[in-house]
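Following: one structure in structure tokens, then a few remarks.
The values are calculated or read from the model by the stated rules, or taken from the named source; none is laboratory data. Quick caveat: nothing in here was measured; it's all calculated off a predicted structure. Every residue, glycine among them, receives a Cβ derived from its backbone with ideal geometry; neighbour counts consider all protein chains shown. Remember, those area values only see protein heavy atoms, side chains included, never the ligands or the DNA or RNA. Shrake-Rupley method; radii C 1.70, N 1.55, O 1.52, S 1.80 Å.
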Amino acid sequence: TLLDAQPTEAETAVWNQVSAVLEEAHGILAELQSYNGAGQEIREAIQNPGDLALQEKAWNAVCPLVAKLKRFYEFSLRLENALRSLLEALTSPPYAPMQHLEREQALAKQFAEILHFTLSFDELKMTNPAIQNDFSYYRRTISRNRLNNQQLEAENEVNNEMANRMSLFYAEATPMLKTLSNATTKFVSENKTLPIEDTTDCLSTMACVCRVMLETPEYRCRFTNTDTMLFCMRVMVGVIILYDHVHPVGAFAKTSKIDMKGCIKVLKEQPSNSVEGLLNALRYTTRHLNDDSTSKQIRALLQ
């Protein structure tokens, strides 16, 4: 099965590169999960602007958090490179996308794991307002130049240009997904000789595999735990969003190679607490949902 595929010799270089990134991904998620923010310290510092001890306490609470946010941001760049390598491997001539997915199952599974990580990261980020609060407090403090000597140390940590890039990253509702869809779009535009269908067919095939696994009882009974279900659902939603960003008419049009009605129905059959984040991702991070070419039925399903 796809879930325990081993890489072939030809795949090893890419597989190793992506493996290293995926290994780090677990730690990143754990750190994000335990990210509590410095809300209390920041509030006290703002309410008592004259109290230097409180200013310093807030600053000392925020700095290690910003270092974490920088790590997350830098990880997104490595994730982007890993995705590019996978796209190159999974779309290279002479094979068709389905042949690629069958021949390179280990890479297909890594692609799925990247999407799984991405949607997990973004779900956590969306529900954690502390991230943006901490970061904007950090930027305000730096620009006020109040803590001169400590500030020099911090500047080495996150200089102004880095802070600007991080700011744009965290301003996105779903920063990791945005990184991946930009990377996929860029991959397609840079590979002019590669038919765009090779990339989008690779995505639609994966969406189809996930949907079939989720809606077919004899596959479903093999999912011994809810994690496998969630994995399949996240991957399905992830490839739909990438497809929608990359394909000229998107995932929702009648001509789309993804059975959107089927995919949404499968999601809606699950307990709502486990899929609400995924349905929101389809509602808010796709490009073509509100196009005229999207059927009323599909829109109603996502209402």
With criteria (1) within 30 Å of LEU279 (Cα to Cα); (2) open to solvent by 10 Å² or more (accessible area, probe 1.4 Å); (3) not small (Gly, Ala, Ser), PRO64 comes up short on (1)
Flagged in the range 162-199 as more than 19 Å from the chain's Cα centre (by Cα) and in a loop (DSSP other than H, G, I, E, B), in numbering order, are ASN191, LYS192, THR193, LEU194, PRO195
Every listed condition ((1) open to solvent by less than 30 Å² (accessible area, probe 1.4 Å); (2) free of Cβ contacts under 8 Å to residues at least 60 places away in the same chain; (3) in a loop (DSSP other than H, G, I, E, B)) holds for TYR35 save (2)
Counting only residues that are open to solvent by 60 Å² or more (accessible area, probe 1.4 Å), within 30 Å of ILE131 (Cα to Cα) and among the β-branched types (Val, Ile, Thr), the range 4-32 contains a total of 0
Pairs returned, first residue in the range 5-18 that is closer than 14 Å to GLU102 by Cβ and free of Cβ contacts under 8 Å to residues at least 40 places away in the same chain, second residue that is among the small types (Gly, Ala, Ser) and open to solvent by 60 Å² or more (accessible area, probe 1.4 Å), beta-carbon separation under 8 angstrom, 6 or more apart or interchain, are none
Those residues of the range 1-50 which are out of contact with any helix residue (DSSP H, G or I) (no Cβ under 8 Å at 6 or more places or on another chain) and among the polar types (S, T, N, Q) amount to THR1, THR12, ASN16, SER34, GLN40, GLN47
Scanning the range 38-53 residue by residue, the ones that are of a type in the set (Gly, Ala, Ser), in a helix (DSSP H, G or I) and surrounded by 12 or more Cβ atoms within 10 Å (Cβ to Cβ) total 2
Of the residues in the range 249-290, those that are out of contact with any helix residue (DSSP H, G or I) (no Cβ under 6 Å at 6 or more places or on another chain), surrounded by 13 or more Cβ atoms within 10 Å (Cβ to Cβ) and part of a loop (DSSP other than H, G, I, E, B) come to VAL249, ALA253, SER256, ASP259, GLN270, LEU289
